[in-house]
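J.: The structure follows.
Nothing in this text is a laboratory measurement; each read-out follows from the coordinates by a stated rule. The model shown is predicted, which means the values in this text are computed figures rather than measured ones. Glycine also receives a Cβ, built like all others from the backbone with ideal geometry; neighbour counts cover every protein chain displayed.
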Amino acid sequence: MDSSWLVALAHTYPLLVPSTYLAASAVGAGFALNAHRPLARSGGLSISVFFAGWLTGELPLHHLAWQVAGTALFVWAGALGAWPGWVGLAVTLVSWGALLDLFRRARQAEAIVERALVEALGADYQRRIAPDLLARLDPQPRLAELLLPFAMGHRDVERLRGVPYGSHGRRNELDIYRRKDRPAGCPVVIQVHGGAWVIGDKRQQGLPLVNLLASQGWLCVAINYRLSPRSTFPDHIVDVKRAIAWVKAHIAEYGGDPDFVVLTGGSAGGHLSSLAALTAGDADLQPGFAEADTRVQACVPFYGVYDFTNRSGEGRADLVGLLERLVIKKPFAEARDVYDRASPMSRVHAGAPPFLVFHGTHDTLVPVAEARIFVDLLRAASRAPVAYVELPQAQHAFEVFASVRTAHAIRGVARFLAFVYSQHRAAAAANAAPPSTPARVA
């Protein structure tokens, strides 16, 4: 390749390459700094901060790789021929250290998740998982999974697309993920996508978890639901409940067990899955199918919105405005009861199913304090286990694609669900056993 033009340019403008390298180094360092300490946690800027911190925090080694490659190119082009280049190199080395620290913190997720499960389920919880379920668990992520974070499929899993569950066209369709050998009687997980109740699709979120569980013998159902502003709340939760009712009625045809259904989802999907799990049989949220069984056996929300009223003052101040304009379409001051009934915090009760709640400390879209309050309320009211995993430096939507943190989080979900399903099977077997015959007295 003829590089004489580059040499000529460097001679004509001796500070161009070094200054450009310094600018590029500053940008890279800014991304690393924002992943360590988000530059904004509220307002419109928090959205940009999220996107920058999300990719950097979850893929620090990928960022390191492109920075190393870029530095090598700049050095070859003469970046170290003047002082701005040397300053840029110093900035870059600091940035590399920050990226390596992000990776180190992400690896800690394994211990953090396990500690949360032990706290909620007991130190011996893994010994209480049925042997056949324990044998399916995948303890460590595969290298290919981490090198190719956006390769979402799994060689052992097939997807059935566009199965209708309601009457609202594409927004009432679901996809079914199952192992290619098509086992029968599989426990079921329903994945509810996020997107602030206004965007999103069943093909875009939760796929690392869905594919992992499906490969281990679960049947996973990813659903669409009606979105605002075309639709108005509670249309969204009505659709989630209609999907649960459909699963209960039809999932056995696809190899699923309708007696064991779990809900999961992130962000708005975390809100909807939690609300559905806490409102089984609520006639107001099941118009036309009030008699349908919408009970679920567990719920695993990620970085969910749990309060539409911001009762604690810890939530986003601008959430109510979004809800008023696009989602609920009623002024908060005039319809506080609607906002309250739409809040999972207001629906906790003693009969809640087991919960495993995930949130990141660096979430700039949904404050982590909201998850803490929700978990405290659940633990005070529920008779079932409530596990809470708070991941240091994790941003919103951290588990949308494969990463070290994602890998350990979803494997923790698999262990939690294997435990809950083991307890469910043991209870069902005990209930099905014939009563013992009393001994005869001679």
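J.: Using the Karplus curve 6.51 cos²θ - 1.76 cosθ + 1.60 with θ = phi - 60°, work out ³J(HN,Hα) for each residue of the stretch 330-341 in order, rounded to whole Hz, and write x for Gly and Pro.
T.: 9, x, 4, 5, 9, 9, 4, 5, 5, 5, 5, 6
J.: Among Glu334, Glu314, which comes first, then next, by fewest other beta-carbon atoms within 10 Å?
T.: On the way: Glu334 9, Glu314 14.
If I rank by nearby Cβ atoms, fewest first, I get Glu334, Glu314.
J.: If you don't mind, there's one more thing I want to ask. Show me, for the stretch 371-385, the HN-Hα J-couplings you get by feeding each phi into the Karplus relation (A = 6.51, B = -1.76, C = 1.60, θ = phi - 60°), rounded to Hz, glycine and proline as x.
T.: Coupling constants for the stretch 371-385: 5, 4, 5, 4, 5, 4, 5, 4, 5, 6, 9, 7, 7, 8, x Hz.
J.: Go ahead and run the numbers for FRET between Asp340 and Ala123, Cβ-Cβ distance against an R0 of 45 Å, rounding to 0.05. Write out the running numbers ahead of the final one.
T.: Working: r = 38 Å, r/R0 = 0.85.
Once rounded, the FRET efficiency stands at 0.70.
J.: Another one. If you stretched the chain out fully between Met152 and Ala350, how much longer would it get, using 0.36 nm times the residue separation minus the C-alpha to C-alpha distance? All intermediate terms of the calculation are to be shown ahead of the outcome.
T.: Values: separation 198, 0.36 × 198 = 71.28 nm, distance 3.75 nm.
Roughly 67.5 nm would be gained on extension.
J.: Under 5 Å between amide H atoms, partner at least 5 residues away or on a different chain: which partners does Val189 have, H built in plane at 1.01 Å?
T.: Answer set, sorted by chain and number: Leu219, Cys220, Val221, Val262.
J.: Quick one: putting +1 on the C-beta of Lys and Arg, -1 on the C-beta of Asp and Glu, what dipole do you get for the stretch 97-178 around its Cα centre, in Debye to the nearest 20? List each step's numbers first, then the result.
T.: Values: 14 positive and 12 negative charges, 41 e Å.
Once rounded to the nearest 20, the dipole reads 200 debye.
J.: Something else: What does the net charge come to around Glu158 if you take all other residues with beta carbon closer than 14 Å to its beta carbon, with K and R at +1 and D and E at -1? Provide the component values of the computation, followed by the final result.
T.: Numbers: positive: Arg155, Arg159, Arg161, Arg178, Arg179, Lys180, Arg182; negative: Asp156, Asp175, Asp181.
It works out to a net charge of +4.
J.: Could you order the peptides 196-203, 349-356 from most to least packed, using the average number of other C-beta atoms within 10 Å per residue? Could you put the intermediate results ahead of the total?
T.: Numbers: 196-203: 17.9, 349-356: 19.4.
Peptide ranking by packing, descending: 349-356, 196-203.
J.: Based on other C-beta atoms within 10 Å, arrange Tyr225, Tyr254 from fewest to most.
T.: Listed from fewest to most nearby Cβ atoms, that is Tyr254, Tyr225.
J.: So if I take the centroid of the Cα atoms in the stretch 236-261 and the same for the stretch 47-73, what is the distance between those two points in Å?
T.: Comparing the Cα centres of the stretch 236-261 and the stretch 47-73, I get a distance of 40 Å.
J.: Among Gly412, Ala428, His168, pick out the residue whose Cα is farthest towards the positive end of the charge dipole of the chain, where Lys and Arg carry +1 and Asp and Glu carry -1 on C-beta, about the Cα centre.
T.: Projecting each Cα onto the dipole axis, the largest value belongs to Ala428.
J.: Treating the beta-carbon of each Lys and Arg as +1 and of each Asp and Glu as -1, no other charges, what is the dipole magnitude of the stretch 233-278 about its Cα centre, to the nearest 20 debye?
T.: Working: 3 positive and 5 negative charges, 23 e Å.
Using only the charged Cβ atoms, the result is roughly 120 debye.
J.: For the stretch 66-220, build the charge dipole from Cβ charges (+1 Lys, Arg; -1 Asp, Glu) around the Cα centre, then report which of Gly97, Val157, Pro84 sits farthest towards its positive end.
T.: Toward the positive end, the furthest listed residue is Val157.
J.: How much net charge surrounds Pro229 when only other residues with a Cβ under 9 Å from its Cβ are counted (Lys, Arg +1; Asp, Glu -1)?
T.: Values: positive: Arg230, Arg325, Lys329; negative: none.
So the environment of Pro229 carries a net charge of +3.
J.: For the residues Ser382, Ser403, what sequence is obtained by ranking on other C-beta atoms within 10 Å, fewest first?
T.: Values: Ser382 18, Ser403 27.
So the residues, fewest neighbours to most, are Ser382, Ser403.
J.: Once you charge only the Cβ atoms, +1 for Lys and Arg and -1 for Asp and Glu, what is the size of the charge dipole of the chain about its Cα centre, to the nearest 20 debye? Walk me through the numbers before you get to the answer.
T.: Values: 43 positive and 37 negative charges, 99 e Å.
Dipole magnitude for the chain comes out near 480 debye.
J.: Still on this structure, please answer the following. Quick query: amide H of Tyr388 versus all other amide H atoms, modeled in the peptide plane; which residues come in under 5 Å with a sequence gap of 5 or more or a different chain?
T.: Val357
J.: Then there's this: Taking every DSSP beta bridge that has both residues in the stretch 145-297, what percent is antiparallel when rounded to the nearest 5?
T.: On the way: 10 of 21 bridges.
Antiparallel bridges: around 50 percent, rounded to the nearest 5.
J.: List the residues whose amide H sits under 5 Å from the amide H of Gln393, counting only those 5 or more places along or on another chain, with H placed 1.01 Å from N in the peptide plane.
T.: Long-range HN contacts for Gln393: Thr361, His362.
J.: Indicate the gyration tensor shape class of the stretch 136-213 (rounded, prolate or oblate), computed on the Cα atoms with a ≥ b ≥ c the square roots of the eigenvalues: a/c under 1.5 is rounded; otherwise a/b larger than b/c is prolate and the rest oblate.
T.: Working: a/c = 2.30, a/b = 1.37, b/c = 1.67.
Taking the square roots of the gyration eigenvalues as a ≥ b ≥ c, the stretch 136-213 is oblate.
J.: Pop the C-beta distance of Ala429 and Arg203 into the FRET formula with R0 = 51 Å and round what comes out to the nearest 0.05.
T.: Values: r = 37 Å, r/R0 = 0.73.
FRET efficiency, Ala429 to Arg203: 0.85.
J.: Taking each pair of different alpha-carbon atoms in the stretch 234-307 once, compute 1/r for the pair, average those values, and report the inverse of that mean as the Kirkwood hydrodynamic radius in Å to one decimal.
T.: Details: mean 1/r = 0.0814 Å⁻¹.
Averaging 1/r across every pair of different Cα atoms and inverting gives 12.3 Å.
J.: Follow-up question, since we're still on this one. Given the peptides 123-132, 31-40, arrange them by the average over their residues of other C-beta atoms within 10 Å, most packed first.
T.: Packing proxy ranking, top to bottom: 31-40, 123-132.
J.: From the mean inverse distance of alpha carbon pairs (Kirkwood) and the Cα radius of gyration, derive Rg over Rh for the stretch 4-106.
T.: Values: Rg = 15.4 Å, Rh = 14.4 Å.
With Rh from the inverse mean 1/r over Cα pairs, Rg/Rh is 1.07.
J.: Considering all projection directions equally, how large on average is the shadow of the alpha-carbon convex hull of the stretch 287-391, in square nanometres?
T.: Working: hull surface 30.2 nm².
Averaged projected area of the stretch 287-391's Cα convex hull equals 7.6 nm².
J.: Okay, next question. Just name one of Tyr254, Phe302, Leu22: the one whose Cα is farthest towards the positive end of the charge dipole of the chain (beta-carbon charges, Lys/Arg +1, Asp/Glu -1).
T.: Farthest along the dipole direction, towards plus: Tyr254.
J.: Using only Cα atoms, locate the centre of the stretch 321-385 and the centre of the stretch 120-153, then give the distance between them in Å, rounded to an integer.
T.: That distance is 29 Å.
J.: Related question: Of all DSSP beta bridges located in the chain, what percent are antiparallel, nearest 5?
T.: Details: 10 of 34 bridges.
Restricted to the chain, the bridges split so that about 30 percent are antiparallel.
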